[in-house]
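Okay, structure first, notes after.
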Amino acid sequence: GGAGLSRTADPKPDGSRRTGHAGHSLFRSALPILVVGALLFGLPVPASGGHFGLFLLSFALGYGINWAFSATFAMLAFSAISLGPAFSVKYHFVNLLSGAIIPIWFFPHWLQVTLQWLPFVHIFQTPLSIYIGKYDMGTCLEMVGIQTLWLLALGVLFYYAQRHATRRVLVQGG
């Protein structure tokens with residue numbers, strides 16, 4: 001009778017649900033904006049074929065960094081009563097510091113330099129900078145290397161946060 005209720009809880013974020021939501025958001029929001037922008041202003045082309053290849057890699061790494069940071073942050077749900085407002089603050093904080101709202105190039109120089117040491121700029125601004133050719137190929141490779149290090153660091157942090165959260169979860173039943 002109760003076999004469906006005997007499964008163990010898995011504290012990992014639902015990646016397939018998030019991926020589906022991202023795909024839906026792409027078609028609902030980004031794609032129409034891209035089409036209208038392309039019709040009005042033309043479609044920007046990558047600086048070169050090499051830049052485009054590194055952009056694709058950088059985009060995937062940026063997506064991974066965003067996921068790993070969000071998943072690690074979500075582990076707080078196992079030790080907090082309510083995270084609704086915290087998730088809202090995190091969302092706006094990441095969007096601002098990643099360059100998704102205002103390009104980092106418009107920030108004061110001291111803040112640009114500071115943000116290079118944090119993972120957020122590597123979510124959105126780094127792939128965009130590679131795509132438009134803001135960096136030469138050597139710098140592009142350095143930026144992809146930095147993104148890779150951030151993804152690995154956040155992956156390790158997520159692993160330990162998940163282990164800690166899993167130990168704290170107590171499922172009662174009978």
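Taking a probe of 1.4 Å, how large is the accessible area per residue of the stretch 74-168, in Å²?
About 60 Å² of surface per residue is accessible.
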Which whole-Hz ³J(HN,Hα) couplings does the stretch 107-120 yield from phi under the Karplus relation 6.51 cos²θ - 1.76 cosθ + 1.60, θ = phi - 60°, glycine and proline marked x? 7, x, 3, 4, 6, 4, 5, 4, 5, 4, 8, 10, x, 4
Where does each of 131-137, 59-65 land if you order them by average Cβ count within 10 Å, highest first? 59-65, 131-137
Quick calc: nm separation of the 7 Å Cα→Cβ label points for Ser82 and Leu39 -> 4.3
Scoring the stretch 44-127 by relative contact order with C-alpha pairs under 8 Å, at least six apart, yields a percentage of 42
Of all the accessible heavy-atom surface of the stretch 21-174, with the other protein chains kept in place and a 1.4 Å probe, what percent is carbon and sulfur? 74
Here the stretch 148-160 yields Karplus 3J(HN,Hα) values (6.51, -1.76, 1.60; θ = phi - 60°; whole Hz; Gly and Pro given as x) of 4, 4, 5, 5, 5, 5, 5, x, 5, 4, 4, 4, 6
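The values are calculated or read from the model by the stated rules, or taken from the named source; none is laboratory data. Since the model is a prediction, treat every value here as computed from it, not as a measurement. For neighbour counting, all protein chains shown are included, and Cβ atoms are generated from backbone atoms with ideal geometry for every residue, glycine included. What goes into the accessible areas is simple: the full protein's heavy atoms, side chains included, and nothing from ligands, DNA or RNA. Shrake-Rupley method; radii C 1.70, N 1.55, O 1.52, S 1.80 Å.
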